[in-house]
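Heads up: the structure comes next, in structure tokens.
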Amino acid sequence: METEQPARKMSEFNIRLLTGIVWCTVLLGFFALKLFVSDLFFDALLVFFTVVGTYEMLRAFGDKVTKPQRVIVMLFATLLVATYAVSDFIFSDILKIMAPKPGADPSTAVGRNYSVFITSGVFIAGLAALLSLLVFRHEATSLESTGYALFALIYPSNFLVVLAVCNHLEIYSELALLFVFVLCPFVDSFALLFGKWFGKKFPKKMAPHVSPKKTVVGGLGGLFGGALGATVIFFCYYGLTLLDGTGVLQGQLGGIFTLSWLEAFFFIGLGVFTAAFSQLGDLAESAIKRKIGIKDMGNLLPGHGGILDRIDSSLYAGLIVCLVMVARIMIFG
């Protein structure tokens with residue numbers, strides 16, 4: 001029995017490692033398709049996350065959500081992300097066609113991107129459909145089941161719409177996705193390492209009622225991981241132009257920045273904030289699972305659980321990244 005236990009742990013570790021490698025490969029593949037083919041490929045991945053994640057959420061609620069409510073939630077949650085992705089893609093292309101030519105009067109520009117309005121309309125339609133069940137299936141539909149169904153309509157689809165916004169940013173799109181999907185593994189890894197190294201000396205728990213194993217010192221390690229990951233992204237994003245001796249950074253999207261500590265501090269600061277939100281997302285899903293009374297949201301990813309167990313931190317990280325990137329575009333262009 002003593003020899004079986006280490007072997008079993010090693011087997012579980014190998015499964016988890018293999019799943020992690022496959023996961024990273026898939027993300028890298030879709031990111032490459034986004035870069036070299038079209039943003040819609042990464043949108044397709046986000047729609048897949050929506051379908052599987054919403055299904056996992058509904059399955060976790062079990063009989064608390066009725067069958068008609070499940071159908072409505074699955075339909076409109078999927079439409080929510082797909083509608084934004086497709087409509088923004090279409091309107092962006094139309095606006096490019098309608099854009100005034102160089103030297104033309106800017107006042108002649110026409111067209112407006114209505115993707116946000118259309119997406120909001122889809123969400124309201126889903127809400128209206130759920131509430132309509134209180135009328136047409138009055139006896140079988142309760143306010144409690146409606147509340148659970150509404151929760152499943154919101155989470156994770158609305159968070160994934162934010163990631164779709166990151167995917168469709170006119171500039172900094174690649175950078176935004178790197179911050180979300182590259183930083184989160186850095187945060188998780190260093191939170192785990194700091195917890196193992198210093199957890200016994202500093203055992204104070206971060207959220208004892210939600211996730212008893214997570215310590216404050218582990219959370220600080222996650223912030224360090226976010227700063228370190230942001231530094232790596234800083235050098236990778238701007239590439240070898242840092243080494244050309246000109247003191248100028250030439251971004252992939254045409255933006256030229258004077259090489260300064262200010263730009264580096266921006267990356268590191270955003271990395272720390274992203275790490276904080278990443279850990280909050282992890283704790284939020286842990287709280288949901290504890291309330292429901294389950295360990296994992298699914299078993300699609302051996303050793304990791306379900307899709308929601310894998311992207312929970314990315315959902316919250318996307319919020320702060322999207323907000324900061326949109327603010328940067330509005331202020332600095």
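The values are calculated or read from the model by the stated rules, or taken from the named source; none is laboratory data. Computed from a prediction, not measured in an experiment: that's the story for all the values here. Here the Cβ positions follow ideal geometry from the backbone for every residue, glycine too, while neighbour counts run over all protein chains shown.
Going residue by residue through region 196-217, is there one that turns out to be among the small types (Gly, Ala, Ser), assigned by TED's automatic domain parsing to the domain that holds Gly318, part of a helix (DSSP H, G or I) and buried (at least 17 other Cβ atoms within 10 Å of the Cβ)? So far as region 196-217 goes, no, none of its residues is among the small types (Gly, Ala, Ser), assigned by TED's automatic domain parsing to the domain that holds Gly318, part of a helix (DSSP H, G or I) and buried (at least 17 other Cβ atoms within 10 Å of the Cβ). Only one entry of Val22, Val26 meets the criterion of being within 19 Å of the chain's Cα centre (by Cα) and within 27 Å of Tyr172 (Cβ to Cβ), and that entry is Val26. Restricting Leu35, Leu45, Leu58, Leu18 to those that are modelled with pLDDT of 95 or more and farther than 30 Å from Ala140 by Cβ reduces the list to Leu45. Give the residue that is surrounded by the most Cβ atoms within 10 Å (Cβ to Cβ), with candidates limited to residues of region 279-333 that are assigned to a helix (DSSP H, G or I), among the charged types (D, E, K, R) and out of contact with any helix residue (DSSP H, G or I) (no Cβ under 6 Å at 6 or more places or on another chain). Ranking the candidates gives Asp309 first.
Taken together, Glu139, Glu170 contain a single residue that is surrounded by fewer than 17 Cβ atoms within 10 Å (Cβ to Cβ), in contact (Cβ under 8 Å) with a residue 24 or more places away in the chain and more than 18 Å from the chain's Cα centre (by Cα), which is Glu170. Number of residues in region 173-195 that are in contact with a Ser or Thr (Cβ under 7 Å, 6 or more places away or on another chain) and free of Cβ contacts under 8 Å to residues at least 60 places away in the same chain: the value is 1.
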